[in-house]
Amino acid sequence: MIDAPPTQSPAKSSLRKTRIKVTLYLALVTGTAVVCGPFLLRSPHDVTGPVRSAMTGRPAAATPEPTTVKETDPTGAGATERAKAAALVYLDELRADHLHSAYGRQCAKLHARFSESDYIAIQAAQQFGRRIHSYTVVKTDLMQRDGSTAADVTLRVTDPVNPRPFTLHLVVEAGEWKVCE
C-alpha cells in the first residue's frame, strides 16, 4: 500500500496564505513610502527651490518686519519695553540669518571694533543664529552709564551648545537702542 504524502490542514494553509499576503502588502507599502515619501513631503514652494541667503547659501528665513526702536525719552515710561524689543529684534535677525541688518543694530563702539564683513564672517563661523530655537527675556535693567542711558537684557536661549542665560547690553545712540556687547 502506498501512503499518500501528508497534506496540510486547510486551517494551516489559509494562515500561511494570509501571512504571505500581509508580508507582500507591507513590502509594497514600505517600498512606496521610500520611493515616494520625499516627493509627498515637499511643499509647493520647493518646486522652484527655496530662496537662499547670498551670504551663507542656506535657505533664507522669512524676512522679519523691519523695526526701528526709537527712543524719545530713554528714562521715561516704556523705556524698559523698548530696550527689550530692540534686543528681541536683534536676535530675530540673527536667527533669520539677516546678518547685515543685525550688524546695523550694533553700537558705534562695536562697529569700530569689527567691520561688517568681519562680523558676518564671525557670525557665520559661530553659527549662533542657526542654533537658536527660541528665547525668552528673563529681565531687563535700565541704568545710567557715562551720562547716557543703557539697558541690560538677560535672555534664556534654547541653544543646545550653550543653554545658559546671557545678557545683551544696549545703549541709546541717535535715539535708537543699539546692542553694544
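Read the figures in this text as sums done on the coordinates, not as results from a lab. Please read these numbers as outputs of a predicted model, since none were measured by experiment. Methodologically, a virtual Cβ is constructed for each residue, glycine included, from the backbone with ideal geometry; neighbour enumeration extends over all protein chains shown.
For the stretch 79-179, the convex hull spanned by the alpha carbon atoms encloses 96 Å³ per residue.
Once both labels are positioned 7 Å from their Cα atoms along Cα-to-Cβ, the gap between residue 116 and residue 158 label points is 3.3 nm. Sorting 148-158, 88-98, 115-125, 16-26 by their mean Cβ neighbour count within 10 Å, with the most densely packed peptide first, gives 88-98, 148-158, 115-125, 16-26. Label-to-label distance for residue 21 and residue 80 is 7.1 nm, based on points extended 7 Å past Cα in the beta-carbon direction.
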